[in-house]
Amino acid sequence: MLMFTDRKKYYFAPVFALLFCHAILAPGCSRRPARISRLQWCSMGTFAAVQSADSDTAERLRTVAATRFSQIETELSAWDPESTLSQVNRAAGSDRAVPVSDAFLDVLRIATTMNHHSAGAFNPLLGPVLHLWGFGSETTPTATPDRHALHQAFSLAECSALSIVAIDGHPAVKLARPGMRLDFGAVAKGYAVDLAWQDAQRQGLSNALIDLGGNLRALGEARPGRGGWLTGVKDPFNPDRLIARLLLRDGEAVATSGNYERFVEINGERCAHIIDGRTAMPVKGIAAVTVIAPDAATADALSTALFILGAEQGERLLADHYPDSLALWIPDRQPAAIIASEKMEVRLDRTAFP
Ligand code: AMP
Ligand code: MG
């Protein structure tokens, strides 16, 4: 049986419900607190949302965030044939370098740094491999991709064949081999959230939450004295159940990668949309990873990398390169169990659910 689905946009809905519930049911309040305003729209192929107890802040933040998200979509979308990313991919092997923005370069650097730190597990050049597994393509495979084709596609995921050059003093990107294809699906949304968060700060907006497809970043707190924004960790095997909660502090970001978000089913087996950059095969054994990081681009890239690496190697990656980030892994076997990194364990509230 073959199936294709994208459940990411539904995945966080109960988390919002939780945020909302906690906002309106503040214990010890004698007066009924104002509702949290939540504004939602579609962007970058998923949902975007902002929240604040102050409706004016929510409105202004939506304008700020929508502008940034559109800008990043125009540059980094793998689906838009006119995006800068598509132009770079089309020019692969042609000797032509395509001028790119600072934002493009930032994302490229975050992705190639993560490739280096994860010893190849994370790789922004897996586009052709993802395509063969049915991601980023209109067609879905009916069987495991042909070995020869997979090998061929995998040989194009070579970061040394990617170069940044200068054209008239402006940065430009070149992919040396025909068929090479960049994919920023693991980091672009988090990066867009950071840009919106910075704009919001510059405009003096506070006490709000920005979200793009499950990449969240906090500004201030949900309510005075709350200390941040409460967010839930969902049971990947039961979408209606939360198995833990976390308080997202001012400035922090959280991201989740899960095998239930996007997958293909080949011969009855679920194949996650996250591919191991060391083997070109879909990652097995992990149902979900949640990361808290100082910024949303790092949280986004890390959640994907740690999904591939698993808890043991992942803990090492955090200790060696991302000491300010925390993570939890949920293995792909029921009932859902949480493996938390040392620093995450301290922050995790596993008990607070009715
Ligand atoms: P996320 O939901 O943030 O974990 O990102 C998943 C997306 O990242 C996929 O849909 C692909 O576009 C892309 N991706 C899949 N595998 C990898 C990988 N090994 N390295 C970098 N990006 C990947
Ligand atoms: Mg990611």
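What follows draws every value from the coordinates through simple rules; no lab data is involved. Quantities reported herein were computed from a predicted structural model and do not represent experimental measurements. Using ideal geometry, Cβ is built from the backbone for each residue, glycine included, and neighbour counts are taken over all protein chains shown.
Around THR298, under 13 Å between beta carbons, what's the net of Lys plus Arg minus Asp minus Glu among the other residues?
That sum, taken over residues with Cβ under 13 Å, equals -3.
Select from GLY190, GLY134, GLY214 the residue whose mean-square fluctuation is largest in a Gaussian network model of the chain (Cα-Cα springs shorter than 10 Å).
Per the Cα network of the chain with a 10 Å cutoff, GLY134 tops the list.
Using a 10 Å cut-off around each Cβ, can you sort VAL291, VAL107, VAL100 from fewest to most neighbouring Cβ atoms?
Exposure proxy ranking, most exposed first: VAL100, VAL107, VAL291.
Which of TYR191, TYR260, TYR322 comes first, and how do the rest follow, when ranked by fewest Cβ neighbours within 10 Å?
Ascending Cβ contact count within 10 Å gives the list TYR260, TYR322, TYR191.
May I ask for the percentage of alpha-carbon pairs in the range 205-320 that lie more than 25 Å from each other?
Of the Cα pairs, 28 percent sit more than 25 Å apart.
For GLY120, what charge total do you get from the other residues with a beta carbon under 12 Å from its beta carbon, if Lys and Arg give +1 and Asp and Glu give -1?
-1
In whole percent, what relative contact order does the range 141-261 give with Cα contacts below 8 Å and a gap of six or more residues?
About 15 percent, as a whole number.
Suppose R0 equals 56 Å; then what is the FRET efficiency for ASP168 and ASP349 from their Cβ-Cβ distance, rounded to the nearest 0.05?
In this case the efficiency is close to 0.55.
By per-residue mean of other Cβ atoms within 10 Å, what is the highest-first order of 39-52, 294-307?
The packing order, highest mean first, is 294-307, 39-52.
Order of 245-257, 328-340 by packing, highest average Cβ count within 10 Å first?
245-257, 328-340
Compute the orientation-averaged projected area for the chain from the convex hull of its Cα atoms and round it to one decimal in nm².
Quarter of the Cα hull surface area: 18.0 nm².
Assign one of three labels to the range 117-248, namely rounded, prolate or oblate, based on the Cα gyration tensor with a ≥ b ≥ c the square roots of its eigenvalues; rounded applies when a/c is under 1.5, prolate when it is not and a/b is larger than b/c, and oblate otherwise.
Taking the square roots of the gyration eigenvalues as a ≥ b ≥ c, the range 117-248 is oblate.
Which of ASP324, ASP235, ASP54 comes first, and how do the rest follow, when ranked by fewest Cβ neighbours within 10 Å?
Ascending number of Cβ neighbours within 10 Å: ASP324, ASP54, ASP235.
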